[in-house]
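Here's the structure we're looking at; comments come further down.
The values are calculated or read from the model by the stated rules, or taken from the named source; none is laboratory data. Computed from a predicted model, the values in this text were never measured in an experiment. All Cβ positions, glycine included, derive from the backbone under ideal geometry; neighbour counts span all protein chains shown. The area values use the complete protein model at the heavy-atom level, side chains included, leaving out ligands, DNA and RNA. Shrake-Rupley method; radii C 1.70, N 1.55, O 1.52, S 1.80 Å.
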Amino acid sequence: MLQRLTQRFPVLTAAGLYALVVGLAFWPFWRGQFLINDWSDMRNGYPFREFAADYLHRFGGIPEWNPYIFGGMPFLANPANGDTFYPTFLLRLVLPVDVGITLGFLIHIVLAGVFTFLFLRALKLDWGASFVGGAAYLFTGQVVSLVSPGHDGKLFVSALLPLALLCLYQAVTRNDWRRYLGFGVVIGLSLLSPQQQMTYYVLMASGFFWAYLVFLHQPRESTAPWWRAGLLFVAALAVAFAIDAVQLLPFLEYIPFSPRGAPGRPSTGWEYATLFSMPPEELVNVIWPKFSGALETYWGRNDIKLHSEYLGVATLMLATFGLRLEGRRRLAWFFVFLAAYGALFALGGHTPLYRIPYHLLPGIKMTRAAGMIFFLTSFSVAVLAAFGAQALMAGQGGKKTPLVAWSIALVAGALIAVAGGWEPMMRALADPQKVGFVAANYPAFSLDTVRALVVGLATAALCLQVVRGKLRADQWAPLMALLVLLDLWSVERRFIRFSPPARISYAADDIVRTLQADSSRYRIIPLADLSDNYWMVHRIRSTNGYHGVELHHYDELLGGKNAWQNLLQGNPSVWRLLAVKYVTTAQPVTAPILTPVGNVPMRDYRGQQVYLYRYQGAEPFAYLVPEAIKLPDEQTLPTVTDPRFDPRRILLVPSDAPAGVTQLATLPDSISTPVKTTELRPGAFRFDVTVPLDRAAYLFVAENWYLAWRARVDGKDAPVMRAQYSLIGIPLPAGARTVELEFYSRTYRRGLLITLATLGLVLLLTGYGWWERRRRKATGGAGGVGGVGGAGGASA
């Protein structure tokens, strides 16, 4: 029956089987669980996605400003906020947000297998070999384990990689402009994912693959000259970046204001760029995945390890035969090169060779975690495994030496592990602070070497069955695919962890219920856990949060990124500037400026004991300041962070500000006239001066400044200045009554126009390509399917 299905519905059958496997592996989802865990970045990523979905439902658009973390920051301009423009966003509009997030993960794991299957079929591999290759990539560590850290963008790009190479292969070999267009759309989706760094790696692989197909591929199936193929390739990339313009243009504008774009800041330089490179010893994990441990038992040289590089013993053994497939040896060597390139690049700062891309490739200096590129190795090995499966089924496996060599190596590895022989080396390589994890992890590692040995022997036995003709190819391939999946699942299942649904996981805790009675605008300092976006779910402004690409002026105002000295040391000037009203602590404190609030202690949403205090020196969210003085930033920062500084009497603005004086004889008295604040929506305010001003003054707003803010005072445009180093100041004329402040990004709107125009052009060209093909068939015309200088190509 399976053979009939594979003949009649080859793609549908493969996709259905992959979906069944993924559905079973993630069974808790069907019982209402949420695919996050305490280690997952998605625990703090959920609030961004929930905020965007809720904003669209309430206000009919995409939020441009996020006021709830780090003093407020651009939302659209910051890709770290998640897949706002990627198709998975639609899932969260029609389904509960947590369900949409989890389903997005599952769909892309299936797509990773399906797209790999389609790519291998385009290379003219049989259904069975293609299915094995798709299974090997679908559940490889670099794909499925990404659910553990909650890195959905990485998973999306990993899934799109084989589709990008498929489009490129057919574009070059068929000389088909439509396939180049498809390639551009796939890269555009990757950029919208919005994992630009992973997309950068896909572009590397695509560039190598294009060069191979144009200059080295044999037989040369396309008659197009290389320069024409090059122009089409560049045009496809132009389409990709134009599709991403809605996100890319605001992001490029934002980079100089972020920690990664500010020279000399902590998020720049060689040391930053080489963080989370793959230590060379962790390459052992591709065979014995528990060698360096992971999650709670990781002893390696990086701070944490929440994913897996396991390639699979069965997959690697099959890949050993990949170079023996007749007619595809040159292509197999390309994937050997790509696998080696991905592995070498992943080592990052652990090898001096990384200085070459660091200095030569644009943008690499602003990235870190070079180990992310290892998915290129995973995919290449899966392709080689499919080639190996095809060679074995076609009787091209040759000598059985690889099976013997693998068996001996796995037996030796298991014996050494059981005898304790690996432990001294592990202790020598371990981070000195994690040496204790070596002993804790070693029993699991020893058992894992035995597991690998069992899988290796089973793989060898199964391969011998097809080599000796005891199993037909159509019988052997499903069994081998099952063994590949079981091998990978036996390791990756520990990375699949669920939590209760969001309505339970993010339910209002004691603190939130207490604060909901306060309708004023204020901020909370969550000293109990500064790296938490939970407050955002309940629309409570926090001084901090979990992000990493916040405004660098704000980082400096707080005393340095990840140090936050001015915040943690209770600097009253900074607390007042940020409209801090409440503070949470993990332990009780005694301070005259803090008053306990509510029942003491309280329980937070994770069940931890916390204490809530009210800050006695709290200032309003917005108030009037009599005068502004221009100062360079190097003078402004130490002044506004001086505990003696009174923000009610003077506003400090940059030297190039459109308003303000250069010197003052004496400090003016503060203005007691209150300002009424109305928040129309996130990123839009109305401020009413209760008594008309008898002279010019300034409105100070405890929200971060960014160049997209615009203001109107009594209906007339007014400048929005960066004040008190990172916040907002607006000059007011005498008699001013009303100020309207709105975050309005013209760059976003230009990008949106370019994206929509590009998508319209893509649809138009797709329709034209469909019409042209129908016309050719109707007229019986010869020629290629591409219509650009030639015909021919490989069959999909």
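In terms of packing, defined here as the mean over residues of other Cβ atoms within 10 angstrom, the peptides 241-250, 761-770, 742-751 line up highest first as 241-250, 742-751, 761-770. Annotation: Cα Rg of the range 565-625 relative to the compact-globule expectation 2.2 N^0.38 Å equals 1.22. The orientation-averaged projected area of the convex hull spanned by the Cα atoms of the range 419-460 comes to 3.3 nm².
For the range 628-716, the mean projected area of the C-alpha convex hull, equal to one quarter of the hull surface, is 7.1 nm².
Between residue 124 and residue 670, the FRET efficiency estimated from the beta carbon spacing at R0 = 60 angstrom works out to 0.15.
Distance between the modelled labels on residue 770 and residue 493, one decimal in nanometres: 4.4 nm (7 Å Cα→Cβ projection).
Mind running the shape call on the range 512-649? Use the C-alpha gyration tensor, a ≥ b ≥ c as the square roots of the eigenvalues: rounded below 1.5 for a/c, prolate if a/b tops b/c, oblate otherwise. Judged from the Cα gyration tensor, the range 512-649 comes out prolate (a/c at least 1.5, a/b above b/c). For the range 388-475, the spread of Cα positions along the three principal axes, ordered from largest to smallest, is 53, 21, 21 Å.
For labels at residue 680 and residue 440 in the simple 7 Å Cα→Cβ model, what's the distance in nm? Computed distance between label sites residue 680 and residue 440 equals 5.4 nm. Subtracting the Cα-Cα distance of residue 344 and residue 655 from their residue separation scaled by 0.36 nm leaves 107.2 nm. Percent of C-alpha pairs per 10 Å bin in the range 676-742, short distances first: 22, 60, 18, 0. Both the radius of gyration and Dmax for the range 710-758 are 14.8, 48 Å, in that order, over alpha-carbon atoms. Reported value for the range 65-173: 121 Å³ per residue, from the convex hull of its C-alpha atoms. Working from Cα pairs under 8 Å separated by at least six residues, relative contact order for the chain is 16 percent. Sequence-distant contacts, meaning Cα pairs under 8 Å at least 6 residues apart, place the relative contact order of the range 344-447 at 17 percent. Distance from a point 7 Å along Cα→Cβ of residue 503 to each backbone N in the range 40-65: keep the residues under 17 Å and list them by number. Within reach of a label on residue 503, which here means backbone N under 17 Å from a point 7 Å along Cα→Cβ, the range 40-65 contributes 50, 54. The slack in the chain from residue 231 to residue 695, taken as 0.36 nm per residue of separation less the alpha-carbon distance, amounts to 160.7 nm. Shown for the chain: the carbon plus sulfur share of the solvent-accessible area, taken with all protein chains present and a 1.4 angstrom probe, equals 61%.
Applying 1/(1 + (r/R0)^6) with r as the Cβ-Cβ distance of residue 359 and residue 215 and R0 = 35 angstrom yields a FRET efficiency of 0.85. A Förster radius of 22 Å, combined with the Cβ-Cβ distance separating residue 94 from residue 58, puts the computed FRET efficiency at roughly 0.90. Our coupling estimate for the range 9-24, obtained by passing each phi through the Karplus curve with A = 6.51, B = -1.76, C = 1.60 and θ = phi - 60°, is 10, x, 6, 4, 5, 4, 4, x, 5, 4, 5, 5, 4, 5, x, 6 Hz, Gly and Pro reported as x. Across all directions, the average projected area of the convex hull around the alpha carbons of the range 592-656 is 7.1 nm².
Rounded, prolate or oblate: which fits the range 493-567, taking a ≥ b ≥ c as square roots of the Cα gyration tensor eigenvalues, rounded meaning a/c under 1.5, else prolate when a/b beats b/c? Verdict is oblate for the range 493-567.
With contacts taken as Cα pairs under 8 Å and at least 6 residues apart, the range 460-587 reaches a relative contact order of 22 percent.
Quick one: check the C-alpha center-to-center distance for the range 268-306 versus the range 388-450, whole angstrom. First find each Cα centre; the distance between them is then 17 Å. For the range 109-255, what does the alpha-carbon gyration tensor say about shape, rounded, prolate or oblate, given a ≥ b ≥ c as the root eigenvalues, a/c under 1.5 as rounded, and a/b over b/c as prolate? Oblate, because a/c is 1.5 or more while a/b does not exceed b/c.
Look at where the Cα atoms of the range 483-530 and of the range 608-684 average out, and the two centres are 34 Å apart.
Extending 7 Å from Cα along the Cβ direction at residue 633 and again at residue 517 yields two label points whose distance is 4.3 nm. Quick one: in the range 398-443, what % of C-alpha pairs are over 11 Å apart? Distances greater than 11 Å cover 70 percent of the Cα pairs. The gain in end-to-end length when the residue 2 to residue 24 segment is fully stretched comes to 6.0 nm, 0.36 nm per residue minus the alpha carbon separation. If the Kirkwood radius is taken over C-alpha pairs of the range 1-102, then at 25 °C and 0.890 mPa s the Stokes-Einstein diffusion coefficient equals 152 µm²/s.
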